[in-house]
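In what follows, a single structure is set out as structure tokens and then discussed.
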Amino acid sequence: MLAQRTSLLKFSGTAAAKMAANAAASNGNEIIDLTAGEIWSDLASSVRDGAIAAINRNLNRYTDTIGLIELRRALACKIAAETAQPWTADEIAVTHGAKQALFNAAMVLLDPGDEVLIPTPHWTTFPAQILVAGGTPVFVDTRHSNFVPRVTDLVAALTSKTKAIVVNTPNNPTGTIYDRDTLASIAQLAIDQDLWIIFDECYGTFAHAPHSHHPMVSVAPDARDRTLTVNSFSKSLAVTGWRIGYLAGPKTVITAVRALQSHTTSNPNVIAQHGLLNYLERRDPVFELNLGRQVANARALGLQILSELRSVPQPSAQGGFYFYLDLGELQRRAKADGRKLDADDVANKLLAKAGVATVSGTAFGDPAGLRLSYGIDLELLNKGLRRLTATLNGCS
Ligand code: PLP
């Protein structure tokens, strides 16, 4: 008999979509995989050099549980530059990717029954981790407000048990970026209602003009003592497999995270830490420029192809590297013809008929959405989106 908490855990919808794509490909079909939450790219040379030097120095032992002090100091400088405020190493914990930073946050903040507001559509892991930590996710629909939470909707979802709010901008899956006013009003709500803000800015380096990303703490310095900033290098440097992220917040939180992490995973991999430390010390402007261009080119190409979609509005794609399609109109037309067409049906049809793997919005709490990643090779993206457009136009 397994623990009851296992019943809270459903396999991640994004991972399931990837598995379906792999299964279809293993049957010999040419599948273009638009499910990935990562960018196809080489490694930044400063990351590689730092890691190789660490191996050559025989570095093989535990580091401080929450990361090398040199790395935390370098991160403090990075966050200070991003937020225009001073930061110290004891306000930062290095984690195994942003995922562990978020899990740590849920574990140290939540008591059983505490509620956490999550604007929806939402990244699939937020509610799962909150549930495992004993909390209760409370979803706040943003589909009718351009995927940006309205304060009135947040207020309507408050109860005496509300403890925190998740703010994810640039957003996965919707690609929306919250502007300064939105962030300021969420911060004010958090201050008024004594809430924590879990601020996930993993896609912050991919803000597409004219939109720009604003760290919560820079917009609302008065909310700094209640904001936990979560970030990682997974997306910004295309190193999802290296598993280096961080949590920045009040010292009391970081002290609790240190104790928790000392009993769960201990320090993140020492070689990866040195790779990222070398990056922060030397940067890699050419790499960053090329990665930015790659994402911008893919976005431009994708938007051009998707503009041919009938009955599906052009995705906003303000940030990150996802197109998020609203299938509402297609669904209304299907219903009028007596057909059922939920987002899972659309994703299944695209995989079976067009050989294109996508993630159904149901993975993100949205029965009318479809997420397409444009982090892949341009030629494949071109082919995949053309097939997808032809298939979806055939559904209307
Ligand atoms: N936060 C968001 C919004 C994400 O989309 C992801 C990964 O897809 C993560 C956190 C986790 O990132 P990491 O690979 O650094 O654990």
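The values are calculated or read from the model by the stated rules, or taken from the named source; none is laboratory data. Worth saying up front: this structure is predicted, and the values here are computed from it rather than measured. We place every Cβ from the backbone using ideal geometry, glycine too, and count neighbours over all the protein chains shown. Note: accessible area is taken over every heavy atom of the protein model, side chains too, but ligands, DNA and RNA are not part of it. Shrake-Rupley method; radii C 1.70, N 1.55, O 1.52, S 1.80 Å.
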Anisotropy class of the stretch 178-308 from Cα gyration tensor, a/c 1.5 cut:
oblate
Step through the residues of the stretch 98-107 one at a time and calculate ³J(HN,Hα) from phi using the Karplus curve (6.51 cos²θ - 1.76 cosθ + 1.60, θ = phi - 60°), rounding each to whole Hz and writing x for Gly and Pro.
5, 4, 6, 4, 5, 5, 4, 4, 4, 5
Sum of side-chain charges, I118 neighbourhood, beta-carbon under 15 Å (Lys, Arg +1; Asp, Glu -1):
-2
Compute, for the chain, the length of the dipole vector about the Cα centre, with Cβ point charges of +1 (Lys, Arg) and -1 (Asp, Glu) only. Units Debye, rounded to 20.
680
When a/c reaches 1.5 or more, the comparison of a/b and b/c decides; with that in mind, is the stretch 200-242 rounded, prolate or oblate per its Cα gyration tensor?
oblate
As a check on your grasp of the helix formula, calculate [θ] at 222 nm for the chain: sum -39500 (n - 2.57) over DSSP H runs of n ≥ 4, divide by the residue count, round to the nearest 500.
-13500 deg cm²/dmol
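Report the semi-axes of the equivalent ellipsoid for the stretch 355-396 in whole Å, largest first, where each axis is √(5λ) for an eigenvalue λ of the Cα gyration tensor. All intermediate terms of the calculation are to be shown ahead of the outcome.
On the way: eigenvalues 75, 44, 7 Å².
Semi-axes from the Cα gyration tensor: 19, 15, 6 Å.
What's the magnitude of the charge dipole for the stretch 50-282 around its Cα centre, counting Lys and Arg as +1 and Asp and Glu as -1 at the beta-carbon? Answer in Debye, nearest 20.
Details: 18 positive and 19 negative charges, 151 e Å.
I would put it at about 720 debye.
Plugging the Kirkwood radius over Cα pairs into Stokes-Einstein for the stretch 104-188, at a temperature of 20 °C and a viscosity of 1.002 mPa s, what D comes out in µm²/s?
Using the Kirkwood radius from Cα pairs, D works out to 164 µm²/s.
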Residue by residue through the stretch 128-144, the couplings from Karplus 6.51 cos²θ - 1.76 cosθ + 1.60 with θ = phi - 60°, in Hz, x for Gly and Pro, are 4, 5, 4, 5, 4, 6, x, x, 10, x, 10, 8, 10, 5, 10, 5, 9
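Which residues make up the longest stretch of the chain that has no trypsin sites (Lys or Arg not before Pro) in a DSSP loop with at most 14 other Cβ atoms within 10 Å? Mind showing how you got there, number by number?
Working: sites that count: K10, R57, R61, K161, R283, R310, R339, K340.
The segment 162-282 is the longest one with no such site.
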Please express the Cα-Cα pair-distance distribution P(r) of the stretch 50-282 as a list of whole percents, one per 5 Å bin, running from 0 to the bin with the greatest distance.
1, 7, 15, 19, 20, 16, 11, 6, 3, 1, 0, 0
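What net charge do the residues around N393 carry, taking every other residue with its C-beta under 10 Å from that of N393, with Lys and Arg at +1 and Asp and Glu at -1?
Values: positive: R310; negative: E308.
Charge balance near N393 sits at 0.
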Cα-based Debye curve of the stretch 325-396 sampled at q = 0.22 Å⁻¹ gives log₁₀ I(q)/I(0) of -0.96
Over the chain: Rg over Rh, Cα atoms, Kirkwood Rh
0.96
Mind grabbing the accessible area of L370 for me, 1.4 Å probe, Å², rounded to tens?
0
Whole-number percent relative contact order across the stretch 50-282, with pairs defined as alpha carbons under 8 Å at least 6 apart
30
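Net charge within 13 Å of T264 by Cβ-Cβ distance, Lys/Arg positive one each and Asp/Glu negative one each, not counting T264 itself? Can you show the working numbers first?
Working: positive: K99, R258; negative: none.
Spelling it out: positives minus negatives among the neighbours equals +2.
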List the pairs from K163/K235; K78/K235; K10/K235; K18/K340; K99/K349; K10/K335 whose alpha-carbon separation is above 19 Å, in the order I gave them.
K163/K235; K10/K235; K18/K340; K99/K349; K10/K335
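Restricting the count to DSSP beta bridges whose residues both fall in the chain, what percent are antiparallel, rounded to a multiple of 5?
Values: 16 of 36 bridges.
If we restrict to bridges inside the chain, about 45 percent are antiparallel.
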